[in-house]
1. Under the Karplus relation 6.51 cos²θ - 1.76 cosθ + 1.60, θ = phi - 60°, what is the ordered set of whole-Hz ³J(HN,Hα) values for the stretch C:444-457, x standing for Gly and Pro?
2. Which of the residue pairs C:Lys497/C:Lys560; C:Lys347/C:Lys479; C:Lys109/C:Lys258 have a Cα-Cα distance greater than 24 Å in the structure shown?
3. Stokes-Einstein D for the stretch A:87-158 at 25 °C, 0.890 mPa s, Kirkwood Rh over Cα pairs, in µm²/s?
4. Could you name the aspartates and glutamates in cross-link range of B:Lys280, using Cα to Cα under 16 Å and dropping any fewer than eight places away on the same chain?
5. Rounded if a/c is under 1.5, else prolate if a/b is larger than b/c, else oblate: which is the stretch B:145-284, with a ≥ b ≥ c the root eigenvalues of its Cα gyration tensor?
6. Taking other Cβ within 10 Å of each residue's Cβ, how do B:Phe152, C:Phe463, C:Phe435 sort, fewest first?
7. Starting from the Cα gyration tensor of chain C, take the square roots of the eigenvalues, sort them a ≥ b ≥ c, and report rounded, prolate or oblate (rounded when a/c is under 1.5, otherwise prolate if a/b is larger than b/c, else oblate).
8. Compute the distribution of all C-alpha to C-alpha distances in chain B, in bins of 10 Å from 0, and list the percent of pairs in each, rounded to whole numbers.
Amino acid sequence: MTHIGVTVDGTHRHADVEPRLLLVHWLREDLGLVGTPIGCDTSNCGACTVLVDGRSVKSCSVLAVQVDGKEVTTIQGLTVEDGEWHPVQKAFKECHGLQCGYCTPGMVLASVDLLSENPDPTEEEIRQGLEGNLCRCTGYHNIVKAVATAAAEMRGGTS
Amino acid sequence: MIPSSFDYVKASTVDEAVAALTAAGEDAKVLGGGQSLLPVLRLRLNSPSVLVDVSEVDEMRQVTDEGSALLVGAAVTTYEVMHHDLVTAHVPLLAQTAALVADPAIRHRGTFGGSCTHADPSGDMPTVARVLDAEFVVAGPGGRRTVPAADFFVDFFTTAVGPDEVLVAVRLPKMGGWGSHYEKFHRTAQAWAIVGVAAAVRVEGGTIAEARVALTNMGATPIRAASVEAALTGGPATAEAIAAAAESAADGTSPTSDTHADAEFRRHLARVLTKRAVTKAAGL
Amino acid sequence: MTETVMRTDGAAIGRADRRKEDARLLTGRTNWTDNIQLPGTLHMATLRSSMAHAKILRIDTSAALALEGVLHVYTGRDFPELAGSTCVWPVTDDIRMSHYPAICTDEVKYAGDVVAVVIANDRSVAADALDLIDVDYEHLPAVVDMEEALKPGAPLVHADMGTNECYVARMPCGDYEAVKARADVVVKRRFINQRLIPNPMEPRSVVAAPMGMSDEITLWSATQIPHVLRVLLALLTGIPENNIRVVAPDVGGGFGAKLQIYREEVLALVLAKRLGKPVKWTETRSEHMVATHHGRDQIQDIELAVTKDGTILGMKVDLLADMGAYLQIITPGTPLLGMFMYSGIYKMEALDFTCTGVYTTKTPTDAYRGAGRPEATYAIERIVDEAAAELGMEPMEFRRKNWITHEEFPYTQIAGLTYDTGNYEAATARAIELFGYDELRAEQKARRESGDPVQLGIGISTFTEMCGLAPSRTLGALKYVAGGWEHCTIRALPTGKIELVTGTSPHGQGHETAWSQIASDIIGVPVEDIEVVHGDTGRAPYGMDTYGSRSLAVGGQAIKLAGERLVEKARLIAAHQLEANPDDIEFTAGTYSVKGDPEKSTTIQAVAFEAFTAHNLPDGMEPTLSGESTVDPLDFSYPHGTHLAAMEVDTETGKVTLRKYVAVDDCGVQINPMIVEGQVHGGLAQGIAQAMYEGALYDNDGNLLTGSMGDYLLPSAADLPSFVTDRTVTPSTTHPLGTKGIGEAGAIASTPAIINGVVDALRPLGVTDVFMPASPQNVWRAIQNAQAGGAR
């Protein structure tokens, strides 16, 4: 067992974990943060994407021991305490950027990461920025639209 | 989905990492970002007894300007390679290629050194190292040694790094005066390269003074297209001359056949992509 | 009294309401099956055969059993009779049916077949135990190629059958040989509709738990068919149906893959009952690739008999359909769902259809988005392009000359279906306008003339489909062992809130929103006051579930009728309360008022409360207020549309790029156009992916070569463009709401549009077909072969 201390969705957590424990399994099974789903075992699908120190990572391809001392944000930590949604979440609903919703947590967090780096992306940049997140329902059309809508909203809000 | 059990050692220095590997014996693996290793462990294609985590070894996280070369730490992430000022200024080919590796989330975790030591024949970073004649700084129980790129990549998923050794950094020559381009050919954006071509040329007064071409996935290791380089060198920097030189790109290669392409098609692609990569590198 | 809520928002049907479902899906509060963690849960893991075909000589489980945390290891000997799946559609009288064991007893028949099951108290331990089970196999020859499988002396998948032929189904319509004799040209092609792996983003998952005060066992499963599954689980396990409750919680996509009964569901149920504890299993993605049924996989030999003026006389269809190793729920029927659709939108005098089902040592096939109709549409839309090319006609002109014109509806086509409505001219005109058809043709000409290495092609697909499964009598005539009805109960609660209980089982479509919109219009209650209850045989006991674009087409009718019945009962109560004759009561937007005296009125919510207190109901009327309906549809529904694709083909590398895609669909009345458009987008992506990216590949030993997402390529956002979509509206006349289906249309229409575009780009080079997927290698090789004088 290895001891880790991690801030998850704003709460500091300590745990003794088996080294082989994947971050996503720690989140889901030990912390009960089941908002982060698992879609594959080859780090292709991106359903399990979370932010580690603000950057998107696939939590199925990171060991829990590797995030010791870091800050993890899941979809459940993106909505602030008063229930106010992140602009990306709002835009996904407004633009119908989700259907079954399984890829959605990863897609939203990958989009948050994308917009933190590029606040005014072109359609091409949005598509390239989401290349690591697979969706089987939407054909991506409305996801791309949602990210562009969120970008405009966030730019308006900060300027 | 769930790896076999292993012990975990987090190293804070290169010496600590080497000591941990030496203690563990043949069964240990170095863990960088884990983006190549973890899928392998999850599918239980490999079951090491110890993982030695080098991802936060300070020395391996640096990019250092050595004057005529950059020393890029093995634990520098692909994402950091893409954006590092020294890399974009002096080895733009590396930054351009890094942006084509996998996807953003994987680039955030995956490391330059990890890509090289994983030595997947369809990996992009090894080809860049090979085309630039990079030097690999390897630390082991007996101290440090420098391995030239030509000797570093040994076989499929096999490098010159021994089981008790750690790749510390990669030395890449600065490319002032060179044009370069990496042409990656794959079926979907996140897929591995079917074939890739790294080209670097130095054009003087309409003539190609020096040319370097290396190929991804045209054999067990990244290989230099020596006959293309010879045909280009001293010749005119024209589309016709480049096209003619590229015809020999597949000479001496031994590509595999898999679900994405067979060997014959890979040879064809090597010729077409070499033409395109060199043309772009030459600024035409 | 309840608070009276007046609707002020006008008609809900036709409005692009944002979805009710999204709040939980966007904040991580979704209830996926794998999220369920019950106290004392035992974890199940499956050991799968690494060989396609082998005898099991010996299984040594001792090392696995010795591992701490492992409670049981079961092999086929423990359940010698138990079936893991079953087929409800024996399509012919003499079909050869397979037994699909829950755990293989003495032989494995595909790579991925289950040979042992571990029960452990921890998921990691269960996985570790699999590595410790030692199986000795005796290799048997794999059966991979369908044509080889049918040859005399071929190795057999099921030795007791004496053949690999599962069935031969024939449907001769008209006299094909006679019309062929009159034809000037008979165009023949062999199309390969390759094997696909569905890959919904949520892998399958099941939890079975003895719960509650009775003998009831609750089984949660990521399934599209909780109701059908419950019946089949009872039949296979012998556990009484009334002791089984099946719940499909939030389900992350299905596309047909979850229209199934799987051995993991059977085993989890049986083991939970035997062990008295919750048993859980969740598929990994690599497991999904072999353990969840595949789709398509047909060899299609197609003939089209035409006159030189471009009139289609008849069509001959000869299919080989790969069943895989066993028959699952509708494995043999899946190719036959396309049987009636080979003539597409065209008039013809004869259609001669034959399908031979073939057993191979591969994962079983079954329904995948469109199920038989994409294959049929691919064949007809590809062959009309080929016929037009052979006749030297413009492909759209050839279609126009042969399609059913809008004045001709209702039209009984050659296979006997009566298309109620349609307007192919209108959809095509709109698509051509949005596409810029003439401009792209001009660009194509310029590129051809300049010898541009990147050629441009225009792909056309003018399609129709049959969906909304289905009139029960029709299904009976086809030997399908179930009905095609759908159920709805709408209950008014004392507080004026509404529970809409549907037998449909959504897995991403947005039924909660759309069904609320329908009910809102009918019973006059705001959509936010309507809760849609689904996917739980305990709360929604009757239903036929969700597949075949049936939920709105059939389930929508039940909602309408149930709502109307509720409104009618409430009218009697309102009349009684308002002291008026029921015939004098008007109902508008949730308010009952007396004709000519609008001051005398009450609301449906107020009536609901009165029905609950029952203090003052008409004599003899039973308390409570609800409406219930089980509707058997009159007919299938027939959505149609025109899709156009502009394809760029790099002739040097074979790389294909989709530059522009226009889809004009006609699904009749749209309940929620935003959801309709989303369904179109998703269908397009899957159909395009079949044409460009996906394909399950096996080696000669029957090993799946595309066993992970690294090898089985799904397109990402970076691999697809935005789509241009629009709809024409020709309401269905057989559906009371005027709606048709839309869930599968995109997947059905787009595959031939893409390939027609690729072939159109390369036709000057002599190319007449490209194997799917149109990968760089397949395209490059088609060019090479054409230039060498070959057919492909």
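1. So the Karplus estimates, Gly and Pro as x, are 4, 4, 4, 5, 5, 5, 8, x, 4, x, 9, 8, 10, x Hz.
2. Beyond 24 Å between Cα atoms: C:Lys347/C:Lys479.
3. Answer from the Stokes-Einstein relation: 210 µm²/s.
4. List returned: B:Glu183, B:Glu204, B:Glu210, B:Glu229, B:Glu240.
5. Oblate is the answer for the stretch B:145-284, as a/c is 1.5 or above yet b/c matches or exceeds a/b.
6. C:Phe435, B:Phe152, C:Phe463
7. Oblate, because a/c is 1.5 or more while a/b does not exceed b/c.
8. For chain B, the binned pair fractions read 7, 30, 35, 21, 7, 1, 0 percent.
We did not get these values from a lab; they are worked out from the coordinates using the rules stated. As the structure is a prediction and not an experimental result, all values here were calculated from the model. Because the Cβ atoms are built from the backbone with ideal geometry, glycine has one as well, and the counts that use them run over all protein chains shown.
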